Every structure is written in structure tokens, then in C-alpha cells.
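Colleague: I have a structure I would like to understand better, so I am pasting it below and will then ask my questions one at a time.
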Amino acid sequence: MKHRLREIDYLRVFAAFSVIAIHITSGYTVNSRAAFVLNQVVRYAVPLFIILSGFAVYHSGSGRDYSSSGFWRRRLGKILWPYVFWSLFYSLYAWREFFRVSGWGALLQPDRLLLLSRQLLCGTGYYHLYFLLIIAQLYLLYPWLRRLLQKKPLSFLGLTFFLTLLSQAGIYLHQIKIITLPDIGIPYVSLFPLWLFYFVLGMYLAAVKEWQSFLRGKGILCVVIWLAGLSLLLVDSSRTKTGDSSVKPSIMLYSLSAYFFFYGLAVRFKAMKKVIRIGKSRVFATIDLDKTVNRLSAQSFLLYLLHPLVLDQLLLLRSGMPFLWQGKAGMFGLFMAVAVITLVLTYIACYIPFIHLIGGVYVKGTKHKM
């Protein structure tokens, strides 16, 4: 059995909360420069998730007899069942006002069933579900990606870099109205070429270990490169008004710098003593951060799936309290509320035996593997 990599757990949890931060700050960027900057700072979140996905599947499978059918059986089920459930759930949730007026029988109308089917196929049931469709495509391709990476690692990584760069450049040029891309019936953001490099990079980082020793002692360099990447992204997003996009060349460069910067921080944090005491004298509690992060990492997928529901419900509270969530303090309060409530719901859900069918990990009698 492969040993658990704590630094990858830290990064996975960090990426999950960064996604929450993107979705919350997006509602404040028009009126707040600080919100705009924070929104851009965490734009590495989805690329980081995909890098970690590639790392995890290669790392977990490198010490066992490999078969394509075995991989698909293990991995696709973890994506497809949650994808179907949450696509249907969020589609029906988004239509709740329609059903309140028309009744639930309206769901059986041909046009409504057609729309539901299309959303399921295109990953458009809710704004965060495209990620599951991307991962499903990459898992389908994984056996061939693995074979190509093992033959010529660096050459194949470079090839995927240029493929993803060209794909994202096309989307970027469309966004700034230099070219016009045709409507293909599915959002371009859901297509795997836009994300392929990140996934293969994760695989490469799991297969080739020399980069870890190369990073040692280069913390300052990583900080400088990360800040340079962030500066480029801020200038690009400000001048081209593309701050709401995670698909463009400047995001690629920034995400690369962010991965190595945060990986270095995670390695340093891993070496620290991570037991927190709460309370005084004889009455205290201890929190083992490694165990806590282990649990959060295992449930990060469910955190990702649940948080938009929590966010939407909290935003609905403004109808009776217009002052709620206003300004920078409101933005921070909203983030904390979404994070805490989602964590509580996830904690409760992980004790439900069938939770694995909708993206969680059942904790009783289970030893989590990465």
C-alpha cells in the first residue's frame, strides 16, 4: 500500500477552500478592488485540483498491478455516480421556483426532460459541475496518458503543455473579441484539452521525483516566481476584463508558480509539530492537525459539491436583511459561514454508509487511501 503524502493532503484541503473563496469573492469584485485581487489570488484553485487528481491516480496505482479495466472500475464510479446525483439535484434545485408555480408534474414535460438531459451531458446543471465532467474525461483517457508518459515523460508533458496553451489561448482570444468561436452545444470550459496539461503534470510529478530535491533551498525563488505570476495575472485580468475566467494563458503560468510555491509551504508545514491545545490548566482538548487534514482531504470532493448549496442559501437571507454580507467584513463573514456550515454538513454526512455514492467517504471501518 502506498504511504500517505501529507503535503498532498494539505494542498487538496487548501484547494477546496480556495474554490469556496473564488465563488464568494466573485460577488464582490465589481465594487471592491480588494475582492478582485483576492479573487485573482485564488484562481489557481481548479488547476491545482486537477494537478492533484493526476498526481493521486498515478501515485496510488504505481505500486500495484495495473489494468485499464480495473482503473476505470475503481475511479469512474467515484465520479459518475456523484455527477449524476448532483446534476439532477442542482438542476431541480435551480428550478424550484418553476416547480412551485407549475407543480412537480411539469418535470415530465418533454422540453423540461430534454433540458435536464442536456444539462447532464454538458455539465451545466450548476456552475461548479463542469469539473466532474472534466475529471471523467481525463479518467477515461488515463490508460493512454499513462502509457505515453512512461515512454517519453518530458516530451509528452511538453506536448500537453502546448496543446492546453493553444486551447486556452483560443478561449482567451474569444473572450477579448479578437476571434469568434463557434457554438458547439457544450461549454468549451468542460472540454479536456483545456485541462490536460494540469492532469499530466500531476502524473509527471508523481512519476519523476527529482523535482522535489531541486526545490529544496529555493523557497525565495518560488516566492518571487509566484509573485511575478500573480502580478502578470492581475495586469491581464484588469486590462482585458477577463477576471472571471480560469481559462487563459496567464492563469496557466500563475497556477504553475502557485503549485510549487504552495507545495514548498506544505512540505515545511509537514515538518512542524501540529498538535493544538485548547483551554487552560487541566481542562483542555487537543487537535491533531494531521488527522484533521487527513479527514478533510478525504472529504474534499464532498466539500466541493456541497458548498454552492450552502452559499446560495446564505445569500437568500439578504432578502429579509439587506445589510447582511455587505462590504469587506460581510465578504469575510460569508466565507467563514459557508466554510463552517459546509464542514459541519460534511462531517455529519461522512457517517452515512452510502455517502460514497454522492462523493463522500464513509469513515467507520475505513482506512482512507490517497
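Where a number appears in this text, it was derived from the coordinates with a stated rule and is not lab data. Since this is a predicted model, take the numbers as computed values, not measurements. Reconstructed Cβ throughout: ideal geometry from the backbone, glycine too, with neighbour counts over all protein chains shown.
Colleague: Are there any trypsin sites (Lys or Arg not before Pro) in the range 136-222 that are in a DSSP loop and have at most 13 other Cβ atoms within 10 Å? List them by number.
Modeller: K177, K209, R216, K218
Colleague: Over the range 43-272, what is the relative contact order in whole percent, taking alpha-carbon pairs under 8 Å and six or more residues apart?
Modeller: 32 percent
Colleague: Distance cut-off 31 Å, Cα to Cα: go down the list K78/K248; K78/K151; K218/K364; K218/K291 and report the pairs above it.
Modeller: K218/K364
Colleague: Give the range of the longest stretch in the chain that excludes all chymotrypsin sites (Phe, Trp or Tyr not before Pro) found in loop regions by DSSP and having at most 14 other beta-carbon atoms within 10 Å.
Modeller: The answer is 128-322.
Colleague: Using helices alone, what [θ] at 222 nm do you get for the chain, with -39,500 (n - 2.57) per DSSP H run of 4 or more residues, divided over all residues and rounded to the nearest 500?
Modeller: -22500 deg cm²/dmol
Colleague: Cut-off 18 Å, label point 7 angstrom out along Cα-to-Cβ of L88: give me the residues of the range 304-318 whose amide nitrogen falls inside.
Modeller: Counting only backbone N, you get 306.
Colleague: Between the alpha-carbon centers of the range 66-133 and the range 200-233, tell me the distance in whole angstrom.
Modeller: So the two Cα centres are separated by 36 Å.
Colleague: Right, something else. I need to check one value: relative contact order of the range 66-136, counting alpha carbon pairs closer than 8 Å and at least 6 residues apart, in percent.
Modeller: 41 percent
Colleague: So I have [x] 165; [y] 128; [z] 186, and one of them is volume of the Cα convex hull per residue in Å³ calculated from this model. Which one is it?
Modeller: [z]
Colleague: Can you compute the FRET efficiency between W104 and W211 using 1/(1 + (r/R0)^6), with r the Cβ-Cβ distance and R0 = 51 Å? Round to the nearest 0.05.
Modeller: The formula returns an efficiency of 0.40 here.
Colleague: Using the crude model of +1 on Lys and Arg Cβ and -1 on Asp and Glu Cβ, and no other charge, please compute the dipole size for the range 43-272 relative to its Cα centre, in debye to 20.
Modeller: Charge dipole, the range 43-272, about its Cα centre: 580 debye, nearest 20.
Colleague: Here's another thing I want to ask about it. Can you pull out the trypsin sites (Lys or Arg not before Pro) in the range 12-65 whose DSSP state is coil and whose Cβ has at most 14 other Cβ atoms within 10 Å?
Modeller: The qualifying sites are R64.
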